[in-house]
1. Have a look at 219, 169, 34 and tell me which one the Gaussian network model of the chain (Cα, springs below 10 Å) gives the largest fluctuation.
2. Heavy-atom accessible area per residue, the chain, 1.4 Å probe: how many Å²?
3. Can you give me the angle between helix 211-233 and the longest principal axis of the chain, using Cα atoms only, in degrees from 0 to 90, rounded to the nearest 10?
4. For each pair in 10/204; 10/213; 41/96; 10/138; 10/53, compute the distance between the two Cα atoms and list the pairs where it is over 25 Å.
5. How large is ³J(HN,Hα), in whole Hz, for each residue of region 100-117 in order, when computed from phi with the Karplus curve 6.51 cos²θ - 1.76 cosθ + 1.60 and θ = phi - 60°, using x for Gly and Pro?
6. Can you tell which of 14, 26, 171 shows the greatest fluctuation in a Gaussian network model of the chain with Cα springs below 10 Å?
7. Taking Cα centroids, how far is region 11-81 from region 186-223 in Å?
8. Can you give the charge dipole size of region 93-192 about its Cα centre, rounded to the nearest 20 debye, using +1 on the beta carbon of Lys and Arg and -1 on the beta carbon of Asp and Glu?
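The values are calculated or read from the model by the stated rules, or taken from the named source; none is laboratory data. In this text, all values refer to a predicted model and were calculated from it rather than measured experimentally. Cβ placement follows ideal geometry from the backbone for every residue including glycine, while neighbour counts extend to all protein chains displayed. Ligands, DNA and RNA are stripped out before the accessible areas are found, and what is left, the full protein with its side chains, is counted by its heavy atoms. Shrake-Rupley method; radii C 1.70, N 1.55, O 1.52, S 1.80 Å.
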Amino acid sequence: MKIIQFSGGKDSVVCLHMYRNDPDVVALYIDTGNAFEHVRKYVKETCEKYKVKLYVRGPDRPVDQWQDEYGLPSDVVPWDATPMMRDMVKKNFTHKIIPYSTCCTVNIWAPLMDGVLELGAKTVIRGSKSCDEKVGVKDGYVDENGISFMSPLWDWTHEDVFAYIEEHNIVLPKHYTKDNDSLDCWSCTAYMGPHGKERLAYLKKEYPDIYPKALERFNRVKSSVKDAVEYFYS
């Protein structure tokens, strides 16, 4: 069995299209409980369209509940604001902040590997490219369980991906007209470069009921980071 790690993003849908006629392929989608509803719908409908079996996995509870207990993910982490250090220092930061890698590991990567192991798959197909800002494991990596990670787009550029999409008339999630990346969790307070700003702008327009909650969470992180800079570097 081969697993396609299907997020609903442009790269993973190209992989799904490439392997759509392989009877050994199953699409694995990680729903963190805070997925964007249009992405959930897109994943389901795309798998139905290409007749690829869909397997949905996720953490035990919505990721925002986990974040409220363990900390909000951030690109910039004041060490003394982490759960490990907050009770050990005199300066008490108001909000718990954690590296985004911690949140992704617990709420995306761990459920993903649980799903792979449950299905007994020995191959995971990912949309990673060497030109991506964050690539994770490289093409051809084999883990301690003997599971191989394949990245058929490894040597592709972003332009190559969009050319394939145009050539094969692949439909992308509607947010690609505003935000050129996959959307995982509305509650995410990390990846706040240009993509993060686009995510907030998209939420404000398309999910006005969720936007205030997302903005409040982002402001919590911003406040703690600002407090740390002022405290340590003023």
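1. Most flexible of the set in this elastic network: 169.
2. On the way: 12380 Å² over 234 residues.
Per residue, the chain has 53 Å² of solvent-accessible surface.
3. 50
4. Values: 10/204 22 Å; 10/213 27 Å; 41/96 33 Å; 10/138 19 Å; 10/53 19 Å.
In this structure, 10/213; 41/96 exceed 25 Å between Cα atoms.
5. 4, 5, 5, 5, 4, 4, 6, 9, 10, 5, 5, x, 4, 5, 4, x, 4, 5
6. In the Gaussian network model the winner is 171.
7. With region 11-81 and region 186-223 each reduced to a Cα centre, they are spaced 18 Å.
8. Once rounded to the nearest 20, the dipole reads 340 debye.
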